[in-house]
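Heads up: the structure comes next, in structure tokens.
Where a number appears in this text, it was derived from the coordinates with a stated rule and is not lab data. Here the structure is a predicted model, which means the values were calculated and not measured. Cβ sites come from the backbone with ideal geometry, for glycine too, and all protein chains shown count toward neighbours.
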Amino acid sequence: MVAIIPAYEEAERVAATISGLRRIEHVDDVLVVDDGSSDETSAAAFRAGATCVSLGRNRGKGGALNAGIATVRGYVLSGRWPMPDAVLLADADLGATAEVLERLLGPVLGGEADLAIADLPPQPGAGGFGLVKRLATWGLRLNGAHDLREPLSGQRAISWAALPSLTPFAGGFGVDVQMTLDALAGGLTIVEITLPLSHAVTGKGLAGSLHRGTQAAAVARTIARSRLAIRVPTHRMRRWINRTARTTAAGRRPPQ
């Protein structure tokens with residue numbers, strides 16, 4: 001099985017994440033896709049024992065994952081790697097906690113699920129009031145996913161057989177929501193597993209606010225474009241986004 005890490009400016013953390021993944025029994029190879037970083041992400045990944053692909057420019061998380069899947073398929077076709085039973089997607093900033101992603105593999109390798117998603121605990125120091133997560137959850141519920149708790153988690157195990165139903169991935173920060181929507185449309189079995197993972201969080205400063213704003217816009221576009229969401233009253237979505245953004249900017253918690 002292969003683990004894929006999309007990484008951007010993660011020279012300080014990617015090596016620890018690779019080490020954690022390499023401790024997982026079923027992980028045979030770790031592929032890092034350096035998404036146009038200006039730091040030493042590629043060098044750090046290579047020194048940690050990963051196969052590394054460097055993109056010439058930043059393509060966003062979805063683009064990096066698509067490049068990773070294309071690389072794995074190419075290696076399989078050329079005979080460099082055997083065909084994996086599953087792929088494991090992991091963010092570059094998980095550090096040593098990446099090892100616990102092993103628990104995602106059981107349901108997928110055992111044939112009980114096509115897609116297994118890690119449900120992360122609340123992260124200390126996280127900024128914002130959960131605007132993006134609430135938006136993503138709202139969009140998934142409109143499409144019948146009433147019991148999913150973690151719509152934005154990038155920590156996922158996917159059976160190799162299910163990949164054609166989920167790829168190519170959506171670009172940018174909409175990738176995780178779109179993947180879940182595509183899994184629902186394809187009738188795939190989805191499970192969520194709560195795991196004690198930790199990762200770098202965006203704070204409450206300007207940089208964190210800009211990051212969350214970009215992510216929220218990508219998620220909103222993904223929901224609006226979804227073929228499953230064709231019945232969604234988009235004016236209601238816009239009103240909800242605007243109302244929530246105003247209350248967040250004012251320092252209050254968004255409406256339930």
> What ranking do 7-18, 48-59 get when scored by the average of other Cβ atoms within 10 Å per residue, highest first?
Replying inline: 7-18, 48-59
> Can you give the net charge of the other residues whose Cβ lies under 14 Å from the Cβ of LEU188, counting K and R as +1 and D and E as -1?
Replying inline: -3
>> Can you give me the distance in nm between label points at ALA70 and SER38, each placed 7 Å from the Cα along the Cα-to-Cβ direction?
In response: 2.5
>> Under 5 Å between amide hydrogens, which residues at least 5 positions from GLN155 or on another chain qualify, with H placed 1.01 Å from N in the peptide plane?
In response: ALA118
>> In 10 Å bins starting at zero, report the fraction of Cα pairs in the range 27-80 per bin as a rounded %.
In response: 25, 53, 21, 0
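Where does the charge balance sit around GLY154 when Lys and Arg score +1, Asp and Glu -1, over other residues with C-beta under 9 Å from its C-beta?
Once all neighbours under 9 Å are counted, the net charge is 0.
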> Once both labels are modelled 7 Å past Cα along the beta-carbon direction, what's the ARG149-ASP119 spacing in nm?
Replying inline: 0.3
>> Can you give me the distance in nm between label points at MET83 and THR189, each placed 7 Å from the Cα along the Cα-to-Cβ direction?
In response: 2.1
